[in-house]
1. If you scan segment B:233-247, which residues turn out to be hydrophobic (A, V, I, L, M, F, W, C) and open to solvent by less than 20 Å² (accessible area, probe 1.4 Å)?
2. Please go through segment A:38-58 and give me each residue that is assigned to a loop (DSSP other than H, G, I, E, B) and either facing chain B (nearest Cβ under 9 Å) or surrounded by 16 or more Cβ atoms within 10 Å (Cβ to Cβ) (or both), ordered by number.
3. Determine whether A:N61 is in contact (Cβ under 8 Å) with a residue 40 or more places away in the chain and either open to solvent by less than 70 Å² (accessible area, probe 1.4 Å) or small (G, A, S) (or both).
4. If the Cβ limit is 6 Å and pairs must be 6+ apart or interchain, which residue in segment C:314-333 that is more than 11 Å from chain B (Cβ to nearest Cβ) pairs with which residue that is small (G, A, S) and surrounded by 23 or more Cβ atoms within 10 Å (Cβ to Cβ)?
5. Based on this model, can you work out whether B:E110 counts as closer than 28 Å to B:K295 by Cβ and among the acidic types (D, E)?
6. Consider only pairs whose beta carbons are under 6 Å apart and that are at least six residues apart or on different chains; among these, list those whose first residue lies in segment A:68-95 and is open to solvent by less than 20 Å² (accessible area, probe 1.4 Å) and whose second residue is within 15 Å of ligand 2 (Cβ to nearest atom) and aromatic (F, W, Y).
7. Kindly list, by first and then second residue, each pair from a residue in segment C:347-358 that is open to solvent by 50 Å² or more (accessible area, probe 1.4 Å) to a residue that is part of a helix (DSSP H, G or I), limited to pairs with Cβ atoms under 8 Å and residues at least 6 apart or on different chains.
Amino acid sequence: MFLKNYIGDIFSSIKSLLTGMKLTGYYFTHLKEIVTEEYPDNRGTLKMAERFRGEVIMPHNENNEHRCTGCQACELACPNASIKIVTKQETQPDGKKKKRIDTFVYRLDMCTFCNLCVNACPSEAIVMGQKFEHSVYDKKQLKKILNFPNSKLMEGVEE
Amino acid sequence: MLLAPDHITEEGEFIINMGPQHPATHGVLHLKIWLDGETIKKIEPQLGYIHRSIEKMCESLSYRQFIYVTSRMDYLSAHMNNQACALAVEKGLQIEATPRAQAIRVLLGELTRLSSHLLWWASTGLDLGGITPFFYAFRERETINTILEETCGTRLTQNFIVPGGVMYDIHPDFQKKVKDLIKQFRANYHEYDEILTGNVIFQNRLKGVGYISKEDAISYGCTGPTARASGISCDIRKLAPYDGYDKLKFDEVILSGGDCWARYQVRMAEIIQSLNILEQLIDNIPEGDFLAKTKNVVKLNKGDIYQRVETARGELGVYIVSDGAATPYRCKFRSPNFSNLSAIPHIAKGAKIGDLMAIMATVDLVIPDIDR
Amino acid sequence: MNTPTPYSFASLATGIHAWLRQAISNDTLLQVTEMVITGVCLLVFLVLLCFFLGYMERKVAAFMEIRLGPNRVGPKGSLQIVADTLKLLFKEGLTPNGADKFLFNLAPGIMVVTSMMAVAPIAFAKNFQIWDINIGVLYVSAISSMAVIGILMAGWSSNNKYSLIGAMRSGAQIVSYELSIGLSLITIVILSGSLQLSEIVESQANGWWIFKGHIPVIIAFVIFIIASTAEINRAPFDLTEAEQELTGGFHTEYAGMKFAMFLLSEYINLFIVSAIAATIFLGGWMPFHIGSLPAFNHVMDYIPSFMWFFGKTFFIVFIIMWFRWTFPRLRIDQLLNLEWKYLLPISMVNILIVTAMAIFGWHF
Ligand code: SF4
Ligand code: SF4
């Protein structure tokens, strides 16, 4: 009885080991199953998901206009103060003075990509961009100004 | 428990410090181990290396903001952590997420659970010295993460849940991709059995190792698969259903072995259960809004709220004390890993160093959740 | 077998010998020169071999893990290991505080030297052997068990508890597995009646032992492979390193070139056990012959003998790598169980059977 168990043990163990080896052997001989992406080489074809949260960006249209009214809802929504909005008073053609953004400072180094600012913005002025290669040699470069120089508020957003 | 000074060792004993940097502790856990040869006499976990005072941070964040911080506790169950917080806030507001939002939450939650269990499976193999299983599990995990990325925008720390629902509707491809995933997973599941589960070396490493009895598991406050392997029924999805888990058919996997092998089997069976849940729900997502109307600034009434959910590692409790302001007055998380860790010194007593790896692997600790 | 085979190393070696004989008249000097030449050639060969084995291991691992493996340095990543070696060369060789400096620096040297010494009696090709010692099998098993001294030295002198545990494990492991290696080698010694590696190869001219010896020799072969995997500390028996448990075991504290020497010795050991297995069980450089097919045998003879040798060796190397990238690690008590409760009793019974076979001439 002991001998039977003993030999049975040996054979069942060897069988279980061989099953595992069969699997690895299968993958060794089937190279088409390889799942690796060759990342820096496939930059050309690499496409991130459209909702991918790479960075916060402020889209501008062809007339260099954005949709940000300077309401600062995003600044309030941001849990770690990555957004700072500096506003200025701008005289409109009709003589009235209105609040406009001067600089939209976005600190990528502090951002956690939580999407709360995008969610909070009432005028859909900021969205998440797909760029994800953010490494730079100088930390200062991660402090970005999102509105382009001399950009304007798009007509009709404010109402 | 007072920490014993270093020099108190008996004849023939010596102390090794496992961690804070150690390949098998999956993070900055520091275990001080009293050894007699290869046999463990005593373990003293030392915490705090990754303490970020999340609970304190929550006191200065609004109810919309504090949800995202909890992704950084148990980062593998980020979605479930967020869900717990959102449910707590909803409880305070006395609203409920829309049916569609609930279904989306459950779907994403189960995907997260799958991805977490896959990582656990992979790292269990790795901890016991088999490197190859890691990559097989990551193949499936990659598919899951791609699905999560498409819908949530992020792969690990989703922050997709807001009080009252979810941020966006699901991605148009979501249903198709999840169905593909289920198919792929079921087709590849036999490989998991072949390379690890059935392997005689692996079984011998787990069977009869790291036993914890039902009574001890209860008294240490173990939850999740760790407790269910000792025969305790503790699945919050069954005990206190939330987000429509009561309408779903799935089994709570309970084994009575109490050893590493039982814990392993519980998790493997839970993978199948998660797939079942996905299968039931994926074609039956209710139509409608994905977000219930809430006020812009969320304020809870004075009082306290407790909400628990089942994360991939056990029961996460969120306790919020509100004084009526826009931020919590006090926030306390009952994290599953902390209690599970507290059982390890008991489980591992008398085991070998190699067994400790099996125990740590099957209890499945995520260190940032312990320290918070 | 007196027809000169193509690409014979033997004639090359004889040629060099004759040429040196003309140039150097003093016998001692001649011998010293030849030894130096052999030594340098061996070193270069072994380093190149290790590069190849390292590359092979990475690729084998990668393909089994559905990855691509190294693919950036050199064509298909083949120079990756050279780049890594260069990196290790330029790294600072740290000696930990409180370490026994002398032993700490000596240990890697001992590891490499002992593994290189075991290369001497291996027959790489027909009539091509560095040292055809008449107790080759004994010599190899004696030398290979000396590696444990290096490991113990490294573990003890590092002043690190992880290293010490690793070293102690290796002591237990190597001493026990030595036995079944010895016993499985003895089966062939009994059958061929010689300890000399060249004679063992010659005895397989009419068929390799693994075919001639029936099931007992196959069992001995399997035991040899398992036990030698344990002897050279490779997964699933890599308890001395056990990265997840002991963070690298006996070589935890080593860096730079000293660490590279441990790697070097690991790969040389891998090569040696495979070469010994190939020589003893698979006929060394003997071509594959089927008794009644002269035409087939003739074709086989045209494959150079060193190709046969390396083909068989790398086949076994591949199997050992296959083990490593499939199985999880054993625990220390299971490791000893396996040896004392399974391998050793089986080898002993096996030896009895083989002896009976040899006495009654039951093999071919
Ligand atoms: S994504 Fe989150 S952290 Fe980043 S700027 Fe927006 S709100 Fe702030
Ligand atoms: S980005 Fe949106 S939320 Fe932020 S200031 Fe501009 S308009 Fe307001």
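The values are calculated or read from the model by the stated rules, or taken from the named source; none is laboratory data. Source: prediction; values computed, not measured. Note: ideal-geometry Cβ built from the backbone for every residue, glycine included; neighbour counts use all protein chains shown. We work out accessible area using only protein heavy atoms, side chains counted, and drop any ligands, DNA or RNA first. Shrake-Rupley method; radii C 1.70, N 1.55, O 1.52, S 1.80 Å.
1. Filtering segment B:233-247 for residues hydrophobic (A, V, I, L, M, F, W, C) gives B:234, B:236, B:239-240.
Scanning segment B:233-247 gives B:C234, B:I236.
2. Within segment A:38-58, the first condition is being assigned to a loop (DSSP other than H, G, I, E, B), and the residues that meet it are A:38, A:43-54, A:58.
If the condition is that a residue be assigned to a loop (DSSP other than H, G, I, E, B) and either facing chain B (nearest Cβ under 9 Å) or surrounded by 16 or more Cβ atoms within 10 Å (Cβ to Cβ) (or both), then A:M48, A:A49, A:E50, A:R51, A:F52, A:R53, A:G54, A:M58 are the ones that fit.
3. Numbers: in contact (Cβ under 8 Å) with a residue 40 or more places away in the chain: yes; either open to solvent by less than 70 Å² (accessible area, probe 1.4 Å) or small (G, A, S) (or both): yes.
Yes, satisfied.
4. From residues that are more than 11 Å from chain B (Cβ to nearest Cβ), the pairs are C:I316/C:S274; C:I316/C:A277; C:I316/C:A278; C:V317/C:S274.
5. Values: closer than 28 Å to B:K295 by Cβ: no; among the acidic types (D, E): yes.
Answer is no for this residue.
6. These pairs meet every condition: A:I83/A:Y106; A:I85/A:F104.
7. C:M348/C:L183; C:I353/C:P216
The rows are residues; the columns are (1) touching a His at 6+ places or on another chain (Cβ under 7 Å); (2) more than 14 Å from chain B (Cβ to nearest Cβ); (3) near ligand 2 (Cβ under 9 Å from one of its atoms).
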| position | (1), (2), (3) |
| --- | --- |
| A:V118 | no, no, yes |
| A:V127 | no, no, no |
| A:S135 | no, yes, no |
| A:I145 | no, yes, no |
| A:N150 | no, yes, no |
